[in-house]
Amino acid sequence: MRIAIIGAGSVGTNIHHAFEQKGIRTELIHARPLTADPAPKAVVPEADCYIYAIADNALREVVAKIDAPRALHLHTSGSMPLEVFGADKPHAGILYFFQSFNREVLIDDWSTIPCFIEGRNIDDVAAIYTLAQMLTSHIYECNQHDRERLHIAGIFANNYTNLMYGIAADILRGTQIPFQALLPLIDRTAAKVHSLTPYDAQTGPAQRGDKAVIEHHLEILKATPYHEVYQALAALIEKAHNH
């Protein structure tokens, strides 16, 4: 199978690397020339499968410029619908690897990464499953409704959690304490949710209903942009634990 990956960002580069690690040749194509008007000819080679690993706001534009009605067309977005592929692409679907990708730190082992797929028909689903199976055995058929909510859940579990790490680092700025001092706590918290529910793993003054500690922290944070963030998150934890 000839595979062309359109988009050389974090997702596309990692998918390309993953297939190459398995000995499967793929063409990695930069999407930027395809957004030119008109798109230069011969930018994309002829392929049996096109995987679009590009930003949501450019997806429709780039898809429309690929003329390959017999090929299988797949996007990798957690939010965009299957309908982004028009009638000129009868074989289409979604190949959504649920992981955080970085172009500078490529992932070698994909065996535990879940992949959520959707296809136009049974044959397309089977073809997408076979493709995903080259990289992982954790494959789930998933509709648009569920995939959107999975994407939002991932934003909270990953992107917003990483934002909290940034806030923690900023709060420590100006002290003698390095951010690395938080790493054992971060690792322990992440490890706990493998055996406990997030509710049962929750600790801290808001979980205990310790308003004196919360008020003291809010006083310290009063002149910072994190005062409202701390207050809002503490209120959510207090409500969840009936304080």
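Which value, in Å³ per residue, describes the convex hull spanned by the Cα atoms of the chain? Each step should come with its number before you reach the end.
On the way: hull volume 40.6 nm³, N = 243.
With only Cα atoms used, the chain gives 167 Å³ per residue.
Could you work out how much longer the chain between residue 137 and residue 25 gets when fully extended? Use 0.36 nm per residue separation minus the Cα distance between them, nm to one decimal. Working shown, then result.
Working: separation 112, 0.36 × 112 = 40.32 nm, distance 2.02 nm.
Computed gain between residue 137 and residue 25 is 38.3 nm.
Suppose every K and R has +1 on its Cβ and every D and E has -1 on its Cβ; what is the size of the dipole of the stretch 3-142 about the Cα centre, in Debye to the nearest 20? Spell out each step's value before the answer.
Working: 10 positive and 17 negative charges, 43 e Å.
So the dipole magnitude of the stretch 3-142 works out to roughly 200 debye.
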**Item:** In the chain, lysine pairs with alpha-carbon atoms under 29 angstrom apart (chain gap of 8 or more, or interchain)
**Value:** 9
**Asked** Relative to the first principal axis of the alpha-carbon coordinates of the chain, what is the inclination of helix 183-192, with its axis defined by its Cα atoms, in degrees from 0 to 90 and to the nearest 10?
**Response** 70
**Message:** At 1.002 mPa s and 20 °C, plugging the Kirkwood radius over alpha-carbon pairs of the stretch 3-142 into Stokes-Einstein gives what diffusion coefficient in µm²/s?
**Reply:** 143
**Prompt:** Using unit Cβ charges (K, R positive; D, E negative) and no other charged atoms, how large, in debye to the nearest 20, is the dipole of the chain about its Cα centre?
**Reply:** 240
**Prompt:** In sequence order, what are the phi-derived ³J(HN,Hα) couplings for the stretch 231-241 according to the Karplus relation 6.51 cos²θ - 1.76 cosθ + 1.60 with θ = phi - 60°, rounded to whole Hz, with x for glycine and proline?
**Reply:** 4, 5, 5, 4, 5, 5, 5, 4, 5, 5, 9
**Message:** How tilted is helix 144-154 with respect to the longest principal axis of the chain? Cα atoms for both, answer in degrees (0 to 90, nearest 10).
**Reply:** 40
**Request:** Output the peptides 66-76, 195-205 sorted from most to least packed, where packing is the average of other Cβ atoms within 10 Å over each peptide's residues.
**Result:** 66-76, 195-205
**Asked** Which percent, to the nearest 5, of DSSP beta bridges fully inside the stretch 3-142 are antiparallel?
**Response** 20
**Prompt:** With labels modelled as points extended 7 Å from the Cα through the Cβ direction, what inter-label distance (nm, one decimal) is found for residue 239 paired with residue 32?
**Reply:** 4.4
**Message:** Positive end of the dipole of the chain, charges at C-beta (+1 Lys, Arg; -1 Asp, Glu), about the Cα centre: which of 226, 138, 81 has its Cα farthest in that direction?
**Reply:** 226
**Prompt:** Where Lys and Arg each count +1 and Asp and Glu each count -1, what net charge lies around residue 56 among other residues with Cβ under 15 Å from its Cβ?
**Reply:** -1
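Each reported figure results from applying straightforward, stated rules to the coordinates on display, with no laboratory input. Keep in mind that what you see is a predicted model, and the values were worked out from it rather than measured. Using ideal geometry, Cβ is built from the backbone for each residue, glycine included, and neighbour counts are taken over all protein chains shown.
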